[in-house]
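Notes for the one structure printed next.
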Amino acid sequence: LADLWWIYSKPVPADGRELWTLFLQCSCITVVIGGLFYNWMFASLEYSWHLSVAMAVSFSLLLLLTLLLVHPARCVFSMIMPTLGTKQGRKLLFSTCIMIAVVNITPNIMSNIKTILLVIKCICKNSSDSLLNSTALLEKVSWEFGDAIQENIHSIYKPMNGHFRFSLLQNSSLIYQKMHLAGEKISRDFLSVEVLVKDSILVANRLAAGFFMLYLCFESTWYLKNYLTNLRFDNFYITKKLERLAADRRAAHLLVGSSKKLIRPTGLKLSWEEVVLCLVQAMLVTVALLLLLVVVAMDHFAFSVADTAVRKAAQFSAVPITLSIKYKVEIGIMPFLFKVFGRPSEELLLGDFNRTYHHHLIFSSARCNISPPSPPNPSVLLAVGLLFCILYTTVFLETYARRLCRKIAASFFPAWEEERVLYLYRKLARRHSKE
């Protein structure tokens with residue numbers, strides 16, 4: 001492995017064997033990266049498969065030529081891997097979490113809201129239908145009551161007309177048509193809003209993901225540029241070269257006295273600034289986690305409301321309505337004379353009508369054809385939880401990832417690393433002489 005890395009980090013291969021070894025190494029790297037790039041574009045960013053294949057093949061060929069011919073590009077690419085463990089890698093993971101929420105959680109929330117609207121539409125339709133049927137009952141009652149009034153014994157007391165007329169039944173088809181058009185309009189508006197929100201978030205996430213990838217490459221390039229131009233940049237480690245230099249010049253006490261300011265790149269010790277930075281980044285990840293948990297809670301809440309609405313709507317019992325009509329027609333016989341003599345008057349019964357009608361108001365029906373609500377997908381929650389576990393891990397591994405970046409740059413440019421070690425040694429010597 002040491003020999004393979006030595007060949008990979010050399011500026012120019014020494015012979016044909018090293019050239020073929022370097023070619024095989026770069027080929028294996030580009031095949032793996034090309035496969036990951038295709039999966040990222042097709043599965044995460046939801047591009048079409050043919051566009052994903054074309055982009056992955058083009059990217060792999062370009063990457064192969066770049067790694068094979070450009071020595072600093074190999075260094076930058078090698079530093080990209082540990083840079084994924086820094087805040088730039090976390091941004092890509094955040095982008096993936098957003099895509100999971102957009103593709104899986106948001107449509108599920110919309111579907112459950114549609115179910116709730118369908119339940120409301122069903123209740124409105126059935127209740128209005130039942131109310132219209134009640135007008136038919138009223139018309140029947142009015143005609144029977146009118147016929148009973150017309151059937152008086154004496155035609156002299158017969159009223160001109162005892163019938164009521166209801167015109168509401170003539171407009172029932174118009175009511176159904178208006179309700180159907182209103183429901184269709186709501187469905188279209190809801191669908192257009194859902195598509196607009198999903199497409200907007202998808203486009204925004206694609207742009208953000210592309211920007212984060214470019215910035216990831218830029219950050220690695222920026223680190224290498226500062227490493228090669230600034231001797232003080234990220235130069236506070238007790239490396240083996242520094243220990244060897246101090247031992248050769250019999251100045252090992254310089255490293256012992258400066259142990260509080262210098263750290264070993266292979267150790268687990270973190271400086272106070274690194275600890276504070278880790279805590280701040282952990283707080284930012286927690287805020288993002290809380291926002292995503294709000295979306296997950298909305299998914300569960302929408303499912304709970306939709307499930308309750310469907311179950312309660314199916315359990316709606318019909319409301320009984322009873323209409324009782326009591327009608328009696330009597331005529332008094334000489335009521336004036338009976339009143340003068342102080343005796344109760346006698347009355348003649350002309351007609352008696354006493355009937356009871358029953359009707360039921362129905363609020364729900366099996367003809368509504370309401371699909372059951374969609375429960376939250378546990379695999380989505382598992383994937384999001386796993387991603388956030390990785391995010392929290394990268395928060396505390398970011399410092400070690402930067403140390404690894406420095407070690408990679410030192411292996412690619414060993415002569416410059418000697419200059420950096422010599423600069424740090426002289427700095428420690430000057431500080432020790434002043435003290």
Go through Ser95, Ser44, Ser60, Ser48 for me and flag whichever is free of Cβ contacts under 8 Å to residues at least 24 places away in the same chain and either farther than 30 Å from Lys178 by Cβ or open to solvent by 60 Å² or more (accessible area, probe 1.4 Å) (or both).
Ser48
Among the residues that make up the range 338-345, is at least one of them modelled with pLDDT of 80 or more and over 55 Å from the mean Cα position of the chain (by Cα)?
no
Can you tell me which residue within the range 203-221, out of those that are touching a Leu at 6+ places or on another chain (Cβ under 8 Å) and over 16 Å from Pro82 (Cα atoms), is surrounded by the fewest Cβ atoms within 10 Å (Cβ to Cβ)?
Arg206
Subset of the range 406-435, residues within 53 Å of the chain's Cα centre (by Cα), open to solvent by 70 Å² or more (accessible area, probe 1.4 Å) and more than 29 Å from Ile80 (Cβ to Cβ), comes to Lys427
Complete set of residues in the range 6-48 that are within 24 Å of Ser200 (Cα to Cα) and either assigned to a loop (DSSP other than H, G, I, E, B) or modelled with pLDDT of 85 or more (or both):
Phe37, Tyr38, Asn39, Leu45, Glu46, Tyr47, Ser48
From the set of residues in the range 282-328 that are among the hydroxyl-bearing types (Ser, Thr, Tyr) and out of contact with any Asp or Glu (no Cβ under 9 Å at 6 or more places or on another chain), which is nearest to Val395 (Cα to Cα)?
Thr286
Please work out which one of (1) under 14 Å from the mean Cα position of the chain (by Cα); (2) modelled with pLDDT under 80 is the condition Lys87 fails and give its number.
(1)
Among the residues of the range 222-243, are any open to solvent by less than 50 Å² (accessible area, probe 1.4 Å), modelled with pLDDT of 75 or more and more than 20 Å from Ile408 (Cα to Cα)?
no
Is it fair to say Val12 is among the aliphatic types (A, V, I, L, M), surrounded by fewer than 14 Cβ atoms within 10 Å (Cβ to Cβ), more than 22 Å from Tyr223 (Cβ to Cβ) and touching a helix residue (DSSP H, G or I) at 6+ places or on another chain (Cβ under 9 Å)?
yes
Among residues of the range 23-41 being hydrophobic (A, V, I, L, M, F, W, C) and open to solvent by less than 40 Å² (accessible area, probe 1.4 Å), the residue nearest to Ala410 (Cα to Cα) is Cys26
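The values are calculated or read from the model by the stated rules, or taken from the named source; none is laboratory data. Keep in mind that this is a model prediction, so the values were computed, not measured. So basically every Cβ, Gly included, is an ideal-geometry build from the backbone, and we count neighbours across all protein chains shown. Heavy atoms of the whole protein, side chains included, go into the accessibility calculation; ligands, DNA and RNA do not. Shrake-Rupley method; radii C 1.70, N 1.55, O 1.52, S 1.80 Å.
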